[in-house]
């Protein structure tokens, strides 16, 4: 694993190392991570959950994801945008989520800005996919060393700056790049991973929001 970044599962398939052989994490790797997403709720959910993940592991957040969805109205940003002090108190008392006041308040703040962003661009998907990096910004080969060395990218820095300028919070370049990886704006499955080629095919066939 140290050289390739791949681990072989009981099914004989090689996968990116980071799922660690855990069933729920492997399903996330196989069924979600890197597959292109245009659903506005899922996009909003992911960028908020990446903010909650700051300082923690994604596995911690993944295992609480259903609780987060219940706490934040399924990440319908139109509903979250009207959350008030009572909702903040409710979330702070919810042991099923990460009870961090700053991140809870940030989610509500970002929902309000998401409403305006969707109105301006027609959808969050159209906005986020406008930041999809071109081939010239992508590494020639996605190997273990490249993946480990690049927690940000020029695009994630640009997107982070633009979101912050629009009033969003907890959207630093590393958080934004993790969002881009998960939502399919880039394919960062390592060469040799059983998911890399299927994801590449999906991205080739994917109709970008226009």
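What the table shows:
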item: Selected residue (only one of 40, 23 is within 20 Å of residue 168 (Cβ to Cβ) and over 12 Å from the mean Cα position of the chain (by Cα)); result: 40
item: Top-ranked residue of region 196-209 - restricted to ones that are out of contact with any helix residue (DSSP H, G or I) (no Cβ under 6 Å at 6 or more places or on another chain) and assigned to a loop (DSSP other than H, G, I, E, B), ranked as surrounded by the most Cβ atoms within 10 Å (Cβ to Cβ); result: 206
item: Within region 6-28, tally of residues that are under 21 Å from residue 146 (Cβ atoms) and in contact with a helix residue (DSSP H, G or I) (Cβ under 7 Å, 6 or more places away or on another chain); result: 5
item: Verdict on residue 185 being farther than 17 Å from residue 15 by Cβ, in contact (Cβ under 8 Å) with a residue 24 or more places away in the chain and assigned to a loop (DSSP other than H, G, I, E, B); result: yes
item: Answer residue from region 66-95, given it is surrounded by fewer than 17 Cβ atoms within 10 Å (Cβ to Cβ) and under 20 Å from the mean Cα position of the chain (by Cα) and is farthest from residue 39 (Cα to Cα) among those; result: 67
item: Among residues of region 4-58, those that are exposed (fewer than 13 other Cβ atoms within 10 Å of the Cβ), closer than 24 Å to residue 71 by Cβ and modelled with pLDDT under 95, counted; result: 3
item: Failed condition for residue 158, given (1) exposed (fewer than 14 other Cβ atoms within 10 Å of the Cβ); (2) at pLDDT 95 or above; (3) farther than 15 Å from residue 45 by Cβ; result: (1)
item: Answer from 119, 145 - the residue that is surrounded by fewer than 19 Cβ atoms within 10 Å (Cβ to Cβ), at pLDDT 95 or above and more than 19 Å from the chain's Cα centre (by Cα); result: 119
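Yes/no matrix, rows are residues, columns are (1) touching a strand residue (DSSP E or B) at 6+ places or on another chain (Cβ under 6 Å); (2) more than 24 Å from residue 48 (Cβ to Cβ); (3) buried (at least 21 other Cβ atoms within 10 Å of the Cβ):
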{"residue": "127", "(1), (2), (3)": "no, no, yes"}
{"residue": "130", "(1), (2), (3)": "no, no, no"}
{"residue": "135", "(1), (2), (3)": "no, yes, no"}
{"residue": "140", "(1), (2), (3)": "no, yes, no"}
{"residue": "151", "(1), (2), (3)": "no, no, no"}
{"residue": "163", "(1), (2), (3)": "no, no, yes"}
{"residue": "166", "(1), (2), (3)": "no, no, no"}
{"residue": "190", "(1), (2), (3)": "yes, yes, yes"}
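The values are calculated or read from the model by the stated rules, or taken from the named source; none is laboratory data. None of the values given here were measured: they were computed from a predicted structure. Cβ sites come from the backbone with ideal geometry, for glycine too, and all protein chains shown count toward neighbours.
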